[in-house]
Amino acid sequence: MASKVLEHPFDLTKVRLQAQVLDSTKQFSGPIDCLTKTWKNEGIRGPYRGSPAPVIGAMAENASLFLCYNQLQALIQTSSNHPVGQPLSLGQLAIAAGGAGAVASFLLTPIEHVKCKLQVQMLSAGVLAVSGGNTPEIRKLKGPFSILTSVVCTNGVRGLWLGQTGALLRESGGSAAWFTMN
C-alpha cells in the first residue's frame, strides 16, 4: 500500500505523457512539467487520480500469483511423477511462475485499463473549465464504474482486455524471472 502511495504520481505522469501523443497539441514538456501542472490544476487529489485501481490490482495480482504458482507447482509435480518433497528444477519453477503470471494478467488488464482511463480523463477536452478568475475548476469526472460501463457499452466485454497481449508478456515473463530468482 505504501509503495502505491509513493509510486502512483509517477505512474500517472508516465500514462499522461504517453497519452498526450494522441492529442494535436502537446500539454506537457516533460515529467516535471506534468507533475507541476497536475498539482496546480487538480490539487492534492490530482497526482493520485485512479489510485484505488492499482491497490485493488496489487491485491488481485498477489492473490492469483501465489495461488496459481502453488497449484501449478503441484500439477507439474504430479504430472511429471516428481518425487514428493524433492524441489522442482529451475525450468519447472519458471513454467509454474510463468503460468501464474499469465493467469494474473487476465485479472490485471481490466483493472489497469480503468486506471489509465481515470488518469487521462483530465486531459480530455472540456474537463477543466475556467471559473470567474483564471483558476481551473474541475467538473464532475467519471468514476471507475462508469468507465467500466462505458468500455463495455462501446467495445463489449472484450474491450476490457484491450492490451492483454502486453500484460500477458509482462506478467508471465516477469513472474518467471521473479520466482526463479528468489
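The values are calculated or read from the model by the stated rules, or taken from the named source; none is laboratory data. Given the structure is predicted, the values throughout are model-derived calculations rather than measurements. So basically every Cβ, Gly included, is an ideal-geometry build from the backbone, and we count neighbours across all protein chains shown. Ligands, DNA and RNA are excluded from the accessible area calculation, which covers all protein heavy atoms including side chains. Shrake-Rupley method; radii C 1.70, N 1.55, O 1.52, S 1.80 Å.
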> Taking only Cα atoms, what is the 0 to 90° angle, nearest 10, from helix 144-155's long axis to the longest principal axis of the chain?
Replying inline: 80 degrees
>> Suppose accessible area is computed on protein heavy atoms with a 1.4 Å probe; arrange Thr109, Thr25 from highest to lowest.
In response: Thr25, Thr109
> Rounded to the nearest 500 deg cm²/dmol, what is the calculated helix-only ellipticity per residue at 222 nm for the chain, with -39500 (n - 2.57) per DSSP H run of length n ≥ 4?
Replying inline: -22500 deg cm²/dmol
> Using the alpha-carbon atoms, what tilt in degrees (0 to 90, nearest 10) does helix 31-42 show relative to the longest principal axis of the chain?
Replying inline: 60 degrees
> Put +1 on the Cβ of each Lys and Arg and -1 on the Cβ of each Asp and Glu in region 32-127; which of Gln73, Thr36, Val55 then has its Cα farthest toward the positive end of the dipole?
Replying inline: Thr36
> Measuring with a 1.4 Å probe in the full set of protein chains, what accessible area per residue, in whole Å², belongs to region 1-58?
Replying inline: 62 Å²
> Nearest 20 debye, what's the magnitude of the dipole of the chain about its Cα centre given +1 on Lys and Arg Cβ and -1 on Asp and Glu Cβ?
Replying inline: 500 debye
>> Which trypsin sites (Lys or Arg not before Pro) in region 16-56 sit in a loop by DSSP (not H, G, I, E or B) and have at most 14 other Cβ atoms within 10 Å of their own Cβ?
In response: Lys26
> On the accessible surface of region 1-98, probed at 1.4 Å, how many percent belong to carbon and sulfur atoms?
Replying inline: 66 percent
> Helix 164-181: angle to the longest alpha-carbon principal axis of the chain, degrees 0 to 90, nearest 10?
Replying inline: 50 degrees
